[in-house]
Amino acid sequence: MDTNIDEENEPIGRFTTLPEGILVRLNKQIMQGEKIEFSLRSVVGSHSEGAFAGVKPGFSFGSARSRNIKNEQIGHPWMVITNQRLFLVSKGLISFETRVFRYEQISSVELQQGILSDKLLIQGMGVSEVWEFRRKLREMSEKAARYIQEKINIPLQGKGSGGSAADPVNELKVRLARGEITADEYNKLKDMLK
């Protein structure tokens, strides 16, 4: 019980400032022009992969029938938001795991607020991530959810896809890639722009 009291009295900076060891490892994975904008330490994190990755947290443990793989993050998991990608990092005593997602791979973000903790659910590309944060960090978990939601709402070309945001043909290409228009619609609209 003393441990929980000590953790509740810890300064917020212990949950938002990346430890040097994690920062050193992340800097090796950061691409040119990529900057860390936000980080937050989680109580626990888990992810499910496979065709049925959208299952509710805690109800699937990777049965052979569902072909789900559910893994718990060990150590003190960290969520790191950069201007280009989302990093989910776990450092245990003898392990270091990094899961990396480009924002276009993420389809939804949901924050579930509870009495003792908040859960951030991140889904996309056959993966479901569930990250739990202490209630005392509610303001920070809300900020993390907003950050990720803003990032996944930015159009692809705003992230440097090579085209100008004012170029309508590139906008059509992006819409085609997202599945918003069909190939026939793309060709018709492109012909109209000529």
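Key figures
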{"item": "FRET E, pair Glu139, Ala177, Förster distance 30 Å, beta-carbon r, rounded to 0.05", "result": "0.25"}
{"item": "Local electrostatic count at Trp78 - Lys and Arg +1, Asp and Glu -1, tallied over other residues with Cβ under 9 Å", "result": "+2"}
{"item": "Efficiency of FRET from Cβ geometry, Asn187 and Ser107, R₀ 22 Å, rounded to 0.05", "result": "0.25"}
{"item": "Spin-label model distance (nm) - Thr17 vs Gln149, 7 Å beyond Cα toward Cβ", "result": "3.0 nm"}
{"item": "FRET efficiency, 1/(1 + (r/R0)^6) with R0 25 Å, evaluated for Lys35 and Glu97 via beta carbons", "result": "0.65"}
{"item": "J(HN,Hα) series, region 37-45, from Karplus relation 6.51 cos²θ - 1.76 cosθ + 1.60, nearest Hz, glycine and proline x", "result": "9, 7, 9, 8, 7, 9, 6, 7, x"}
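Each value in this text was obtained by applying a stated rule to the coordinates, not by laboratory testing. Just so it is clear, the model here is predicted, and its values are computed rather than measured. Glycine gets a Cβ as well: all are built from the backbone with ideal geometry, and neighbour counts include every protein chain shown.
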